[in-house]
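Have a look at the structure below, then the notes.
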Amino acid sequence: MPVTRDIVAMYRGPGRVVRRLLDMGPREDRALAIAMIACAIVFVADTPRLAREAHISGQELNALLAGSLFAWVICMPLVLYFLAGLTHLVARIFGGSGNWFGARLSLFWALLASSPLILLNGLVAGFIGPGPTQTMTGLVWFGVFMWFWISGLIRAEGSSA
């Protein structure tokens, strides 16, 4: 199934999509690609906010973009790997019986699947700026991301932990 169909299907049943992805077998190259694409999309979503910030403050846009690119495409995948490992250990404490790959895939896929809302939040941050609208879109994105991640993690760990 194409990625875009899987993203739409996540909004109807995140556990089923994660189960289907897990049933394809543990392929670390696929998990890394999902993480890298998700981080690249977050970087793209952040550019309107950075352009607004550069325009208002008079800072150099290229420097802001370079810093954001380094943070999201180089550093954040490493942070995601660490966070996925940590959640797998916590799930083990609560009786989870999954594996490390499932924990990684559930986190990486949740970030990628919530990317339409990340892009919306980036547009709001760039064109409207700080305020209640940006806060609300950020909260909606975070809520959907957590729903996807927890549903996927429960499915990956094979428990209600």
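The values are calculated or read from the model by the stated rules, or taken from the named source; none is laboratory data. Computed from a predicted model, the values in this text were never measured in an experiment. Positions of Cβ are generated from backbone atoms using ideal geometry, with glycine treated the same way; all protein chains shown enter the neighbour counts. Calculation scope for accessible area: heavy atoms of the full protein, side chains included, ligands and nucleic acids excluded. Shrake-Rupley method; radii C 1.70, N 1.55, O 1.52, S 1.80 Å.
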Self-check item: Derived scalar couplings ³J(HN,Hα) [region 90-104; Karplus, 6.51 cos²θ - 1.76 cosθ + 1.60; whole Hz; x for Gly, Pro]
Solution: 5, 4, 4, 4, 8, x, x, 10, x, 10, 4, 4, x, 5, 5
Quiz item: Sorted by packing (mean other beta-carbon atoms within 10 Å per residue), highest first, where do 25-32, 137-144, 109-116 land?
Solution: 109-116, 137-144, 25-32
Practice problem: From zero up to wherever the largest Cα-Cα distance of region 86-161 sits, split into 5 Å bins and tell me the percent of pairs in each. | Solution: 3, 18, 22, 16, 13, 11, 9, 6, 2, 0
Quiz prompt | Per principal axis, descending, Cα span of the chain in whole Å | solution = 52, 32, 28
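Percent relative contact order of the chain, based on C-alpha pairs within less than 8 angstrom and at least six residues apart? Intermediate results must be reported in sequence, preceding the final value.
Numbers: 188 pairs, mean separation 56.4, N = 161.
Contact order relative to length: 35 percent.
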Quiz item: What angle, in degrees between 0 and 90 and rounded to the nearest 10, separates the Cα long axis of helix 132-157 from the longest principal axis of the Cα atoms of the chain?
Solution: 20 degrees
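Of the accessible area of region 65-133, with the probe set at 1.4 angstrom, what percent is carbon plus sulfur? Kindly include the intermediate steps, with their values, before the conclusion.
Values: 2690 of 3330 Å².
Carbon and sulfur: 81 percent of the exposed surface of region 65-133.
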Quiz item: Could you give me the ³J(HN,Hα) list for region 70-83, computed from phi with Karplus coefficients 6.51, -1.76, 1.60 and θ = phi - 60°, whole Hz, x at Gly and Pro?
Solution: 4, 5, 7, 9, 9, 7, 5, x, 5, 5, 5, 4, 4, 5
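Report Rg/Rh for region 1-91, rounded to two decimals, where Rg is the Cα radius of gyration and Rh the Kirkwood radius.
Values: Rg = 16.7 Å, Rh = 15.4 Å.
Dividing the radius of gyration by the Kirkwood radius yields 1.08.
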